[in-house]
Amino acid sequence: GQLPTWLKGMLLRNGPGMHTIGDTKYNHWFDGLALLHTFTFKNGEVYYRSKYLRSDTYNCNIEANRIVVSEFGTMAYPDPCKNIFAKAFSYLSHTIPEFTDNCLINIMKSGDDFYATSETNFIWKINPQTLETLEKVDYSKYVAVNVATSHPHYDSAGNILNMGTSIVDKGKTKYILFKIPPSVPDKERKKSCFNHLEVVCSIPSRSLLNPSYYHSFGITENYIIFIEQPLKLDIVKMASAYIRHMSWASCLVYHKEEKTWFHFVDKKTKKEVSTKFYTDAMVLFHHINAYEEDGHIIFDVIAYTDNSLYDMFYLKKLTTDFEEKNKLTSTPTCKRFVVPLQYDKDAKVGSNLVRLPSTATAIKEKDGSIFCQPEILCEGIELPRINYDYNGKKYKYVFATEVQWRPVPTKIAKVNVQTKEVLRWEEDHCWPSEPIFVPSPDAREEDDGIVLTCIVTSDPKKAPFLLVLDAKTFKELGRATVDVELHLDLHGMFIPEKDVKTETE
């Protein structure tokens, strides 16, 4: 096929790559050592490159030729031939765990720099052109967080907005929202942007010892949306996990009898909206988008009724008949919540406060709290992406992988959230990764551009490839096959040519 002549830059992606070190094996697919890879577009041609992130975790494991650093689903133990005192000491030092720096989930842009990220307090600066690992940044040196999301937001000024959980701060567990500027003043050239990190606000956890797990959050023009879900981390269990020979993943517990709470923080006042909004128990990983309309906040998320998704990816389940044997007990559902921030305070108890045309409801309760029920936009999609120019604004399209009841995606979908129409791309034995939208330079409409996705094949005779689709029609424009083994990855970003510093710079 043909690539658009305007397509110049690189698709940079991240995900788990190595699952066996020496005689040891990780338990979970999400534990694998981070593998970065890029597709670079130049003069109508595509170049491929991949490299393992040289984290301290990677270096320690390779040097020992075994897994010596614990990951979320795999607890690593000291060498059995170490003496008993060393062993006892390392048990004690695991109460507040020193988390891994194996940053395998996403890529973050900060000013002119790029970082590999995960959900711990560490991120790694990388060179997107050579994929070299440059320097490690520890968020906890700049803000009191033990974990942070790998799905930050970017505002029009280039600031990064992100969230983390502070577990150890004097027993006051809270969620902290922070902002990182894109550059530093000239007179402070030697300092990094992280020295200028600013705490926007903090939200106390509803439970001190059981903070909510979250993978992403939402943003509109004036508000930040944080969902406190009943999938929670048991801190007491976590502190003793090492001694009990349990993984940290076993400390995540879903409380299906509890509610899911919505928090809205006003960006200008940095205060939380005082009305209590909630819905039924649900598990969510990915926010899609959110916007404001006529006194309401509208936000779209992909939600589950249980946390079976994580359990699917234990490596003992990833066998050749994985697709046939493993079924999700909860299908991912694209839910739209419509939350009235401005409403008649004298409205009757039991009345629906939503004034927009939607099947979503917001019912006033006796105690003044508001119970929200969503509109269902579609089912069976994951890894959602939008045209980021529409982030926080009213939008039409979401690009996603389609998973149905099985955890491995087999199609790519374009969903019109206004009409609920769906366009799909699929091919036998093809497992697509997260689709990334790249707008065309003269784009007038939201879907003017292309969609890029890496395709892994389950047929050994078929080579993996990068697929380029016309975002409007979802017709294939071209594909670039790669004669190496591609891995299923997690997230990434497209970096336009102008944003990539050349070697000399």
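Taking the listed residues ILE203, ILE227, ILE243, the one that is closer than 30 Å to ALA400 by Cα and among the aliphatic types (A, V, I, L, M) is ILE227, with no other qualifying.
Within the stretch 275-298, residues that are part of a loop (DSSP other than H, G, I, E, B) sit with their Cβ atoms under 7 Å from residues that are of a type in the set (Gly, Ala, Ser), at 6+ positions apart or across chains, in these pairs: LYS276/SER369; MET282/ALA303. Scanning the stretch 26-63 for residues that are assigned to a strand (DSSP E or B), modelled with pLDDT of 95 or more and closer than 30 Å to ASP311 by Cβ returns LEU33, ALA34, LEU35, LEU36, HIS37, SER50, TYR52.
Using the structure shown, decide if LEU131 is at pLDDT 95 or above, surrounded by 23 or more Cβ atoms within 10 Å (Cβ to Cβ) and not in a strand (DSSP E or B). Judged against the criteria, LEU131 is not a match.
Name the residue, out of ARG385, ARG355, that is open to solvent by 10 Å² or more (accessible area, probe 1.4 Å), touching a Gly at 6+ places or on another chain (Cβ under 9 Å) and touching a residue at least 40 places away in the same chain (Cβ under 8 Å). Being open to solvent by 10 Å² or more (accessible area, probe 1.4 Å), touching a Gly at 6+ places or on another chain (Cβ under 9 Å) and touching a residue at least 40 places away in the same chain (Cβ under 8 Å) holds for just one of ARG385, ARG355, which is ARG355. Restricting attention to the stretch 410-454, the residues that are among the charged types (D, E, K, R), over 16 Å from TYR395 (Cβ atoms) and touching a residue at least 40 places away in the same chain (Cβ under 8 Å) total 2.
Restricting to the stretch 34-63, what's the tally of residues that are more than 25 Å from the chain's Cα centre (by Cα) and basic (Lys, Arg)? Residues in the stretch 34-63 being more than 25 Å from the chain's Cα centre (by Cα) and basic (Lys, Arg): 1 in total. The condition of being in a loop (DSSP other than H, G, I, E, B), surrounded by fewer than 21 Cβ atoms within 10 Å (Cβ to Cβ) and within 20 Å of the chain's Cα centre (by Cα) does not hold for HIS263. From the list THR100, THR120, THR95, the one residue that fits, being of a type outside the set (D, E, K, R), surrounded by fewer than 20 Cβ atoms within 10 Å (Cβ to Cβ), out of contact with any Pro (no Cβ under 7 Å at 6 or more places or on another chain) and modelled with pLDDT under 95, is THR95. Report whether or not VAL438 is more than 30 Å from HIS263 (Cβ to Cβ), open to solvent by less than 10 Å² (accessible area, probe 1.4 Å) and at pLDDT 95 or above. In short, yes.
From the list ALA116, ALA144, ALA157, which residue is over 23 Å from GLU228 (Cα atoms), among the aliphatic types (A, V, I, L, M) and assigned to a loop (DSSP other than H, G, I, E, B)? None of the other options fit; the residue is ALA157.
Every condition in (1) open to solvent by less than 10 Å² (accessible area, probe 1.4 Å); (2) within 30 Å of ALA239 (Cβ to Cβ); (3) among the small types (Gly, Ala, Ser) holds for GLY22 except the one numbered (1). Annotation: of all residues in the stretch 228-271 being closer than 30 Å to GLN373 by Cα and among the aromatic types (Phe, Trp, Tyr), the one that is modelled with the lowest pLDDT is TYR254.
Restricting to the stretch 464-490, and then to whatever is more than 26 Å from ALA116 (Cβ to Cβ) and either basic (Lys, Arg) or part of a loop (DSSP other than H, G, I, E, B) (or both), can you tell me which residue is most open to solvent (accessible area, probe 1.4 Å)? If we take residues in the stretch 464-490 being more than 26 Å from ALA116 (Cβ to Cβ) and either basic (Lys, Arg) or part of a loop (DSSP other than H, G, I, E, B) (or both), then LYS475 is most open to solvent (accessible area, probe 1.4 Å).
Out of all the residues in the stretch 172-180, is one or more open to solvent by 30 Å² or more (accessible area, probe 1.4 Å), farther than 30 Å from LYS51 by Cβ and modelled with pLDDT of 95 or more? Within the stretch 172-180 (the criterion being open to solvent by 30 Å² or more (accessible area, probe 1.4 Å), farther than 30 Å from LYS51 by Cβ and modelled with pLDDT of 95 or more), the answer is yes, since at least one residue qualifies. Taking PHE194 as the residue in question, decide whether it is within 22 Å of PHE285 (Cα to Cα), touching a residue at least 24 places away in the same chain (Cβ under 8 Å) and open to solvent by less than 10 Å² (accessible area, probe 1.4 Å). Judged against the criteria, PHE194 is not a match.
The values are calculated or read from the model by the stated rules, or taken from the named source; none is laboratory data. Quick caveat, the model's predicted, so the values are computed rather than measured. Backbone-built Cβ (ideal geometry, glycine too); neighbour counts: all protein chains shown. Accessible surface is based on the protein model in full, side chains and every heavy atom, while ligands, DNA and RNA are left aside. Shrake-Rupley method; radii C 1.70, N 1.55, O 1.52, S 1.80 Å.
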